[in-house]
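In what follows, a structure is listed as structure tokens, so that the remarks can point back to it.
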Amino acid sequence: MSETPAFHATPVFPRGFHCASRNVGLKPAARDLTLFVSDVDAAAAAVFTRNHFPGAPVILGRETIGAGTGGTLRAIIANSKVSNVATGAPGVENARRMARAAAQEIGTTANRVLVSSTGVIGVPLPIEKIEAGVVGMAGDLQDDPMIGAEGIMTTDTHPKALSASVGDAIITWVAKGSGMIEPNMATMLSYIFTDAAIDAPTLDRLLRAAVKPTFNMLSVDTDTSTSDTCAILANGLAGAVDEAEFLAVLTAGCTRMTEILARDGEGAEHLLRVTVRGALDEAEAYTVAKSVLNSPLVKTMVHGADPNVGRLLMAVGKCFSCTIRPSTTDAWINGYQVVGKGERLAFDDAVVRETLSREVVDLEIALGVGDASARAFGCDLTKGYVEENAAYYSS
């Protein structure tokens, strides 16, 4: 099959999946609570943040989804505005109450419900509003994943969902994320739904394989959220699919969603992709790609459409743990070679500057010391990012 699947023009849910979202009073007016439901129990797997201060929903989620083995889910309930992080034992109990409320609404048990919360850290979760608000949501369930995406938005500028077919099955991705993004596990809040028949341990393996080169190579600002969760549910209603084909489509969709998230980085005006090839091994390729992507000077270079080659060399050269040889290092900006054997080449400044003004900017580094490669995804750094985050707690 093609490496890049044909994504559906309009996102749709796989068979047996539905969602609802509404405002329950956490935000002044916008949707702030979402419920995703499968008609039947679904095999499930998830990966969570590695941050040492995980939110209460992450603590509960690790219990709900067996680490490395997967589990069974009927639903996901997620709220925005308040993250339920740094809230101690009461926060964990509130997460359990949230699961119980969703379970009662759809007629299942709390251990079949995954809970997520996103928003401000250190604020007690208004659980009574959620418990009251979820009542009746089962009657609102419908088939547009964008409705569910709206309820989990924080600083996102738009809801994020996409879907693609694999054999007779469908895979649908729903996600949110705009800032505090360098996952080190998966991504902000990302939920994947499929009607393919795949058991939980296999789902866990496939999810981790898809996450590694995609969501885990995403960075808006180098900051790993306390709430990151990526979960996949498979209810089996479409029957079995080819595992290799499923993984290819799953990875392609995670790549596309990674790019969507990166482009919607807080204040961002450009999607930035950094490709490293010729590294000694995969770990070094990942390190160099992230170093270039995360450099504030590279990010501002892109924002200002300023082809400052020295910033690329600096970002590669500061990877002290990696095998870097100036005499074999080349670099390109949007396909134009600007470095050869560690030295700045003569190039048409105006032409390269014009390409940097485009929405998508590709930087490529060839290290010439091995065969490993990696790609990282991010965005430029703008005044809008500073303004968005200077008053986030107060807004």
task: Return only the number of the condition from (1) in contact with a strand residue (DSSP E or B) (Cβ under 8 Å, 6 or more places away or on another chain); (2) over 22 Å from Thr224 (Cα atoms) that Gly25 does not satisfy.
output: (1)
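Which is of a type outside the set (Asp, Glu) and surrounded by fewer than 24 Cβ atoms within 10 Å (Cβ to Cβ), of Ala262, Ala279, Ala238, Ala285? Walk me through it before giving the result.
Values: Ala262 fails: surrounded by fewer than 24 Cβ atoms within 10 Å (Cβ to Cβ); Ala279 fails: surrounded by fewer than 24 Cβ atoms within 10 Å (Cβ to Cβ); Ala285 fails: surrounded by fewer than 24 Cβ atoms within 10 Å (Cβ to Cβ).
None of the others qualify; the one that does is Ala238.
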query: Is there any pair linking a residue in region 295-324 that is at positive phi to one that is among the polar types (S, T, N, Q) and assigned to a helix (DSSP H, G or I), with Cβ under 9 Å and at least six apart or on different chains, and which?
result: Ala305/Thr355
message: Let me confirm something: among Thr87, Thr34, Thr10, which residue is free of Cβ contacts under 8 Å to residues at least 12 places away in the same chain and either out of contact with any Lys or Arg (no Cβ under 6 Å at 6 or more places or on another chain) or open to solvent by 30 Å² or more (accessible area, probe 1.4 Å) (or both)?
response: Thr10
- request: Filter region 181-191 down to residues that are of a type outside the set (S, T, N, Q) and surrounded by 24 or more Cβ atoms within 10 Å (Cβ to Cβ) and give me whichever is nearest to Ala45 (Cα to Cα).
  value: Tyr191
- prompt: When Gly177 is evaluated against the numbered criteria (1) touching a strand residue (DSSP E or B) at 6+ places or on another chain (Cβ under 6 Å); (2) buried (at least 24 other Cβ atoms within 10 Å of the Cβ), which criterion, by number, is the only one it fails?
  reply: (1)
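For Val82, indicate whether it is of a type in the set (Val, Ile, Thr), buried (at least 24 other Cβ atoms within 10 Å of the Cβ) and closer than 20 Å to Leu189 by Cβ. Can you show your working first?
On the way: of a type in the set (Val, Ile, Thr): yes; buried (at least 24 other Cβ atoms within 10 Å of the Cβ): yes; closer than 20 Å to Leu189 by Cβ: yes.
Yes, satisfied.
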- prompt: Tally time: how many residues in region 310-338 are out of contact with any Gly (no Cβ under 8 Å at 6 or more places or on another chain), of a type in the set (Lys, Arg) and either open to solvent by less than 10 Å² (accessible area, probe 1.4 Å) or part of a loop (DSSP other than H, G, I, E, B) (or both)?
  reply: 1
query: Restricting attention to region 129-152, which residues are in a helix (DSSP H, G or I) and either open to solvent by 60 Å² or more (accessible area, probe 1.4 Å) or farther than 15 Å from Glu105 by Cα (or both)?
result: Lys129, Ala132, Gly139, Asp140, Pro145, Met146, Ile147, Gly148, Ala149, Glu150
task: Residues being more than 20 Å from Phe215 (Cα to Cα) and touching an Asp or Glu at 6+ places or on another chain (Cβ under 8 Å): count how many of those fall in region 57-89.
output: 7
task: Sort out which residues of region 205-223 are part of a helix (DSSP H, G or I) and open to solvent by 10 Å² or more (accessible area, probe 1.4 Å), and write them in order of number.
output: Arg205, Arg208, Ala209, Asn216
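With closer than 30 Å to Ala42 by Cα, small (Gly, Ala, Ser) and not in a strand (DSSP E or B) as the only criterion, which of Ala231, Ala262, Ala238 stands out? So that I can check it myself, show each step before the final result.
Working: Ala231 fails: not in a strand (DSSP E or B); Ala238 fails: not in a strand (DSSP E or B).
After ruling out the rest, the residue left standing is Ala262.
Which residue is least open to solvent (accessible area, probe 1.4 Å), if the candidates are limited to region 339-353 and must be assigned to a loop (DSSP other than H, G, I, E, B) and hydrophobic (A, V, I, L, M, F, W, C)? Let's see the steps before the verdict.
Initially, region 339-353 is screened for residues assigned to a loop (DSSP other than H, G, I, E, B), giving 341-342, 345-348.
In the following step, the residues that additionally are hydrophobic (A, V, I, L, M, F, W, C) were identified as 345-347.
On the way: Leu345: 58, Ala346: 102, Phe347: 40 Å².
Taking the candidates together, the pick is Phe347.
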- prompt: For Thr172, which of the numbered conditions (1) β-branched (Val, Ile, Thr); (2) touching a Cys at 6+ places or on another chain (Cβ under 6 Å); (3) at pLDDT 95 or above fails to hold?
  reply: (2)
message: Regarding region 41-60, can at least one residue be identified that is β-branched (Val, Ile, Thr), open to solvent by 10 Å² or more (accessible area, probe 1.4 Å), more than 28 Å from Ala240 (Cβ to Cβ) and in contact (Cβ under 8 Å) with a residue 60 or more places away in the chain?
response: no
- request: Kindly list the number of the only condition in (1) under 23 Å from Ala285 (Cβ atoms); (2) without any contact (Cβ under 8 Å) to a residue 12 or more places away in the chain that fails for Ala350.
  value: (1)
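The values are calculated or read from the model by the stated rules, or taken from the named source; none is laboratory data. For clarity, every value in this text was computed on a predicted model and none was experimentally measured. Every residue, glycine as well, gets a Cβ built from its backbone with ideal geometry; the counts of neighbours run over all protein chains shown. Side chains are part of the model used for accessible areas, which takes the heavy atoms of the whole protein and leaves out ligands, DNA and RNA. Shrake-Rupley method; radii C 1.70, N 1.55, O 1.52, S 1.80 Å.
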